[in-house]
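Since the structure comes first, as structure tokens, the remarks are kept for the end.
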Amino acid sequence: MLRHPFPYLIVVLCLWLQACALPRPFEHSKSLITKNAPTLAANVICIPPLPALPDAIAEQYRTAITDNLLRREHLAASKATCSDNTPTLQVVYFEREANQIVLDWQAHTPGHLPKDYRQVLHLPPSPQDIADHTKSWSTQLADQLGYLPPRHRSVRSLYDGLPEDLRRKYDRNLATSAQDTAPVRLPIHVAAVSGADDQGNTLLRYSMLGYLRRAGYDPKVTSSSPAAPYAVSGQVSLSEAKLIPGKGMVQNLRIVWSIQTSDGQELSSIRLENGLPQGLLPQNWRAVADAVAASSINEIIKILNQAELARTR
């Protein structure tokens with residue numbers, strides 16, 4: 001039997017208090033200015049434009065996401081582009097079929113592993129239903145990405161509950177986040193990839209878009225990008241399966257990335273080639289596309305930097 005249990009009780013109490021102070025997602029602040037007052041995450045979560053959705057629905061959806069995250073005590077704002085050192089919530093891939101759209105979301109905070117979520121959206125039947133649909137979508141998105149449930153019924157109730165000092169900070173953060181403060185990025189037109197099936201072409205293109213964006217460029221997907229001085233396009237070929245001793249039936253996958261100027265002059269090309277077990281595609285196009293883009297990006301960046309240096313001299 002312990003003669004003096006008090007030191008042990010103190011240790012247990014300290015551990016319990018520390019467990020109760022676990023942070024919310026995206027580096028939730030632990031400091032409270034006023035007892036029981038709302039707190040706000042220090043960094044503003046950047047939400048870039050949403051592809052695939054009609055403009056009116058996309059803007060309302062971004063607004064609904066912003067409001068939903070604010071009710072969960074996370075500052076968020078819509079921006080044209082997001083800098084690499086800020087938390088980002090963005091669509092990295094989408095598929096569209098009639099009145100249904102599939103969005104692949106990625107929530108990324110610098111220094112942390114990204115969180116992914118695939119969301120299937122059924123478009124609202126009429127403009128009057130857009131607000132209800134986008135609110136429901138935003139709640140589903142935030143829940144699936146692991147944000148803690150909302151602590152406030154509305155953004156107004158959150159704002160009214162803030163002490164004066166935090167309210168001024170809140171206003172300042174929102175005012176700053178409403179502006180696009182990201183550095184000017186060199187636009188690059190990423191043309192449609194050809195030669196594979198529709199899924200492979202799309203995934204290869206959007207994987208390259210993602211790697212260029214993370215490298216500090218402003219990739220474009222429009223068919224004509226007059227503001228982009230350079231373009232990247234890909235051509236895929238997949239051979240018939242052949243029997244390779246010790247490896248079984250293997251298909252040869254080749255992709256050639258072409259880097260061109262806006263007037264069509266080719267600066268250079270990169271060829272990647274690898275043997276894939278028969279049957280690996282098309283089920284694994286997502287992983288293959290990411291590996292292809294990751295293997296190509298450094299060489300593409302080198303070519304683009306050399307070309308831009310020569311162009312701006």
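Selection of strands (runs of 3 or more DSSP E) fully inside segment 187-278 by the criterion of at least 1 residues being among the aromatic types (F, W, Y) and within 30 Å of L89 (Cα to Cα) returns 230-238, 248-261. Among the residues making up segment 280-313, those that are small (G, A, S), touching a residue at least 12 places away in the same chain (Cβ under 8 Å) and either under 30 Å from L243 (Cα atoms) or touching a helix residue (DSSP H, G or I) at 6+ places or on another chain (Cβ under 7 Å) (or both) are A289, A293, A294, S295, S296. Pull up segment 81-102, narrow it to residues that are part of a strand (DSSP E or B) and over 11 Å from the mean Cα position of the chain (by Cα), then point me to the one that is nearest to H122 (Cα to Cα). Checked segment 81-102; the qualifying residue nearest to H122 (Cα to Cα) is Q100. Test of understanding: among A307, A241, which residue is over 25 Å from the mean Cα position of the chain (by Cα), aliphatic (A, V, I, L, M) and modelled with pLDDT under 85? Criteria check complete, one pass: A241. Checking each residue in segment 124-145 for being crowded, with 16+ Cβ neighbours inside 10 Å and either farther than 15 Å from L53 by Cα or of a type outside the set (V, I, T) (or both) picks out P124, H133, K135, W137, S138, T139, L141, A142, L145.
Which of the following residues is closer than 22 Å to K135 by Cα and modelled with pLDDT under 75: L70, L40? It is L40. In this entry, G111 is excluded by the filter for residues that are at pLDDT 85 or above, within 19 Å of the chain's Cα centre (by Cα) and farther than 30 Å from L253 by Cα. When segment 253-272 is filtered for residues that are without any contact (Cβ under 8 Å) to a residue 24 or more places away in the chain and touching a Ser or Thr at 6+ places or on another chain (Cβ under 8 Å), the ones remaining, listed by number, are R254, V256, E266, S269. Scanning segment 96-108 for residues that are within 17 Å of Y61 (Cβ to Cβ) and either surrounded by 14 or more Cβ atoms within 10 Å (Cβ to Cβ) or at pLDDT below 85 (or both) turns up R96, N99, I101, V102, L103, D104, W105, Q106, A107. The condition of being in contact with a strand residue (DSSP E or B) (Cβ under 7 Å, 6 or more places away or on another chain), more than 18 Å from A287 (Cβ to Cβ) and either buried (at least 18 other Cβ atoms within 10 Å of the Cβ) or in contact (Cβ under 8 Å) with a residue 60 or more places away in the chain (or both) holds for K220.
The values are calculated or read from the model by the stated rules, or taken from the named source; none is laboratory data. Since this is a predicted model, take the numbers as computed values, not measurements. Cβ coordinates were reconstructed from backbone atoms using ideal geometry, including for glycine residues, and neighbour counts include every protein chain displayed.
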